[in-house]
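Contents: one structure, followed by commentary.
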There are 2 protein chains.
Amino acid sequence: MSQFSLDDFLPYQLAVVSARVSREFSQIYAEHFDMSVPEWRVLVHLHNAGPVSIREIQARVDMDKSKVSRAASRLEKAGFLTKETNADDRRLLKLGLTEQGYARMEQIIPLANKFEQELLERMGADTDGFRETLLKLLKDNT
Amino acid sequence: MSQFSLDDFLPYQLAVVSARVSREFSQIYAEHFDMSVPEWRVLVHLHNAGPVSIREIQARVDMDKSKVSRAASRLEKAGFLTKETNADDRRLLKLGLTEQGYARMEQIIPLANKFEQELLERMGADTDGFRETLLKLLKDNT
DNA sequence: GCATACTCATATCACTTGCAACGATATCAG
DNA sequence: CTGATATCGTTGCAAGTGATATGAGTATGC
């Protein structure tokens with residue numbers, strides 16, 4: 001009969017830690033502002049990249065296109081971004097932050113940095129090695 | 001104006017890696033057997049712990065009690081476990097694997113071990129340090 | 001002993017999710 | 001050009017989710 005310890009199973013450990021961390025962070029901005037994880041990701045990307053399409057965000061932010069689309073619609077309704085069609089290729093949208101969108105990011109980014117700082121302190125030494133190893137897990141093994 | 005890179009944001013990296021790994025693994029057993037992550041976790045715990053209550057599983061396996069309850073119901077319908085009421089405290093259930101449940105675990109555990117092995121190889125050196133650091137992120141900061 | 005508060009598992013609610021299908025636009029072969 | 005094929009963003013749908021309510025069972029205080 002096989003032995004197996006869930007507690008020691010790496011995919012499980014990753015899932016638990018990720019879920020906890022994600023929840024802690026989302027509580028921070030759900031408390032101050034009313035925002036979901038997909039919305040946060042879309043805002044961040046627009047903040048960095050300037051006007052881009054849904055497709056672009058989908059690729060860079062690891063979310064399904066319908067998720068991006070719905071997040072974008074909510075953000076538009078809330079006044080944080082605008083949608084216009086790309087004149088060069090009218091299948092594409094051009095999403096851009098509004099003044100309000102930039103202002104919101106200016107509020108959130110310090111909170112995000114502070115939260116990450118706290119995480120790093122919890123982790124203690126060798127955070128660089130940790131992150132390096134973490135990213136190795138992304139390698140496609142087909 | 002603040003700078004912020006989502007790609008370098010630890011909670012984001014964790015979420016992406018965890019989602020990918022989880023998906024890769026679940027494809028393995030969704031392909032062979034028809035099973036979700038919550039079902040897998042419940043089965044594993046029963047395999048290790050013997051007959052226990054929903055509450056017990058909830059606590060040990062990091063899932064909401066409604067999630068456990070629903071996973072258990074699906075597994076019961078599929079014939080992998082049985083529910084009976086605990087005679088000593090009739091609020092509690094006693095969930096136990098059936099023969100079929102044990103047989104299924106004997107099929108899956110080798111696949112799980114193989115998958116984890118592949119992950120560890122991808123990670124390269126210092127996997128122990130990585131796991132140690134990973135778990136430090138769990139520390140409750142209230 | 002009996003009312004009250006608590007605990008366990010399930011049911012219900014509003015909401016999110018991934019997937020597939022769709023309409024609109026763009027590209028390409030002939 | 002024109003018909004076939006591909007891509008973009010949205011939407012419909014079935015399934016899953018967490019939070020809360022519910023109902024049955026148990027423990028506690030007086």
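The values are calculated or read from the model by the stated rules, or taken from the named source; none is laboratory data. Because the structure is predicted, anything quoted here is derived from the model rather than measured. Glycine also receives a Cβ, built like all others from the backbone with ideal geometry; neighbour counts cover every protein chain displayed. We work out accessible area using only protein heavy atoms, side chains counted, and drop any ligands, DNA or RNA first. Shrake-Rupley method; radii C 1.70, N 1.55, O 1.52, S 1.80 Å.
Laid out as a table, the results:
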item	result
Residue count for the range A:112-127, restricted to those that are surrounded by fewer than 16 Cβ atoms within 10 Å (Cβ to Cβ) and either outside any helix (DSSP H, G or I) or within 11 Å of chain B (Cβ to nearest Cβ) (or both)	10
Qualifying residue in the range A:119-126 (condition: in contact (Cβ under 8 Å) with a residue 60 or more places away in the chain and under 17 Å from the mean Cα position of the chain (by Cα))	yes
B:ASP88 over 19 Å from the mean Cα position of the chain (by Cα) and more than 14 Å from chain A (Cβ to nearest Cβ)	yes
Count - residues of the range B:87-100 that are more than 15 Å from B:GLN58 (Cβ to Cβ), more than 8 Å from DNA strand D (Cβ to nearest atom) and open to solvent by less than 60 Å² (accessible area, probe 1.4 Å)	3
Pairs, first at positive phi in the range A:36-64, second assigned to a helix (DSSP H, G or I) and open to solvent by less than 50 Å² (accessible area, probe 1.4 Å), C-beta under 7 Å, six or more apart	A:ASP62/B:VAL16
Residues within the range A:69-94 that are touching a residue at least 24 places away in the same chain (Cβ under 8 Å) and away from DNA strand C (no atom under 16 Å from the Cβ), tallied	1
Test for B:MET105: is it outside any helix (DSSP H, G or I), within 16 Å of the chain's Cα centre (by Cα) and surrounded by 14 or more Cβ atoms within 10 Å (Cβ to Cβ)	no
Residue tally, condition more than 7 Å from DNA strand D (Cβ to nearest atom) and either part of a loop (DSSP other than H, G, I, E, B) or charged (D, E, K, R) (or both), over the range A:57-78	9
Total residues in the range B:6-42, condition closer than 25 Å to A:ARG122 by Cα and within 7 Å of another protein chain (Cβ to nearest Cβ)	13
